[in-house]
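Read the structure below first, then the notes.
What follows is calculated from the coordinates using simple rules that are stated; it is not laboratory data. Remember, it's a predicted structure, so these values are computed and weren't measured experimentally. Neighbour counts run over all protein chains shown; Cβ positions are idealised from the backbone, glycine included.
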Amino acid sequence: MFVLTEKENIIAQFTQDVIAGLSMTPKRLPSKYFYDAKGDGLFRDIMACKDYYVTRCEMEIFTEQTEKIARAISTGRGEFDLIELGPGDCSKSKHLLQALLNNGVRFNYVPIDISYDVIQGIESNLPGDLPGIQISSRHGDYHQMLKALSSGSDSRKVILNLGANVGNMPSEQCYKFIGDLRNSLSKGDIVLMGFDLVKDPKIIRAAYDDDEGITREFNLNLLRRMSNELEADLDISKFEHYCSYDPVTGACKSYLVAVGDTSIDIGAERFKLSRYESIWTEISQKYTLAQIEDIALANAFQPINLFTDSREWFADVLWEA
Ligand code: AVI
């Protein structure tokens with residue numbers, strides 16, 4: 001029997017998603033495909049760039065309120081699995097992990113990420129940085145992550161979903177993800193989830209169209225991946241990055257806009273784009289605190305704590321199942 005390797009499966013899924021997205025009107029592509037080794041590096045550059053406030057705000061929460069968060073997630077809990085969805089380089093969670101280790105809390109750290117590079121980075125660096133940490137990493141996307149959660153160990157679960165990752169899901173998908181997350185947990189399990197808050201629209205726009213052009217490169221990387229991995233025939237110089245923020249809906253959206261008539265060929269498929277036609281590549285949704293509470297209650301979570309940075313630009317909320 002002919003069996004596809006994991007790598008071939010990933011390419012087959014990528015091809016299928018790209019063809020489906022480019023067949024839509026208007027065209028769209030999923031932002032999860034920004035992240036290969038180059039995309040991970042560009043995202044690290046975005047996190048360090050002056051216009052992108054998101055990471056610094058959440059880092060302030062994790063460095064200034066580490067003990068408070070450590071106590072909130074561990075008190076009265078016994079041993080637990082600390083499952084981090086999309087940990088990146090763990091730069092924020094590392095503070096929390098260190099505090100838990102210092103306090104003698106017994107936990108097993110389970111980082112789950114779609115990127116192999118991220119998982120490999122954690123496995124090779126974290127034990128050196130945090131001696132004594134127990135790690136059981138997993139590789140997969142959000143859908144697989146939730147399956148892994150419900151079929152995982154019977155230990156108490158504490159889920160970390162930091163960095164405004166849920167903001168990258170359109171609202172129906174975000175509700176579904178949080179509903180599925182709730183269904184994969186048992187009563188008493190808890191979730192610490194990051195949300196970027198509504199703020200001055202100019203600050204949000206600048207964060208997603210930074211002066212150094214890193215976000216532009218990040219967005220264009222999706223086309224680069226299509227060219228390299230799917231052997232798509234396309235001309236990257238025919239596309240530009242554009243981002244909009246709608247203060248009414250809180251939706252910050254990124255697009256690749258064709259700067260001239262062009263086409264993208266994938267295998268036998270040809271997708272024509274006329275000048276100024278756009279491909280929607282990403283949403284970074286911003287929320288009010290009231291909306292965040294509604295999301296929790298609508299999905300049978302009980303909000304139990306809230307941590308914000310000093311400017312109230314970002315919130316990490318603690319919900320109990
Ligand atoms: C990963 N995610 C939360 C980032 C965000 O802010 O939406 C991805 C990103 N896209 C452009 N800049 C950063």
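Here are some notes:
- Counting only lysines at least 8 places from Lys199 when in the same chain, those with an alpha carbon closer than 18 Å to its own are Lys50, Lys253, Lys286.
- Charge dipole of the chain (Cα centre as origin; +1 on each Lys and Arg Cβ, -1 on each Asp and Glu Cβ, all else neutral): 520 debye, rounded to the nearest 20.
- Among beta bridges identified by DSSP and lying wholly in the chain, the antiparallel ones come to about 60 percent.
- Residues whose amide H falls under 5 Å from that of Gly163, counting only those 5 or more places apart or on a different chain, are Gly194, with hydrogens built in the peptide plane.
- Selected from Arg156, Arg138, Arg270 as most flexible by GNM, with the chain as the system and alpha-carbon contacts under 10 Å: Arg270
- Residue ranges 91-99, 194-202 sort as 91-99, 194-202 when ordered by packing (mean number of other C-beta atoms within 10 Å per residue, highest first).
- Working from Cα pairs under 8 Å separated by at least six residues, relative contact order for the chain is 21 percent.
- Karplus (6.51, -1.76, 1.60) ³J(HN,Hα), θ = phi - 60°, over the stretch 95-105, in Hz, Gly and Pro reported as x: 4, 5, 4, 4, 5, 5, 5, 4, 7, x, 6
- J(HN,Hα) series, the stretch 169-180, from Karplus relation 6.51 cos²θ - 1.76 cosθ + 1.60, nearest Hz, glycine and proline x: 10, x, 3, 5, 5, 5, 4, 5, 4, 5, x, 5
- Principal-axis tilt of helix 6-22 within the chain, Cα atoms, nearest 10 degrees: 60
- Mean residue ellipticity (222 nm) of the chain, computed from DSSP H runs ≥ 4 via -39,500 (n - 2.57), nearest 500: -12500 deg cm²/dmol
- The calculated FRET efficiency for the pair Glu320 and Glu269, based on their C-beta separation and a Förster distance of 45 Å, comes to about 0.45.
- Amide H within-cut-off set for Asp210, under 5 Å, with H built and near neighbours excluded: Thr215, Arg216
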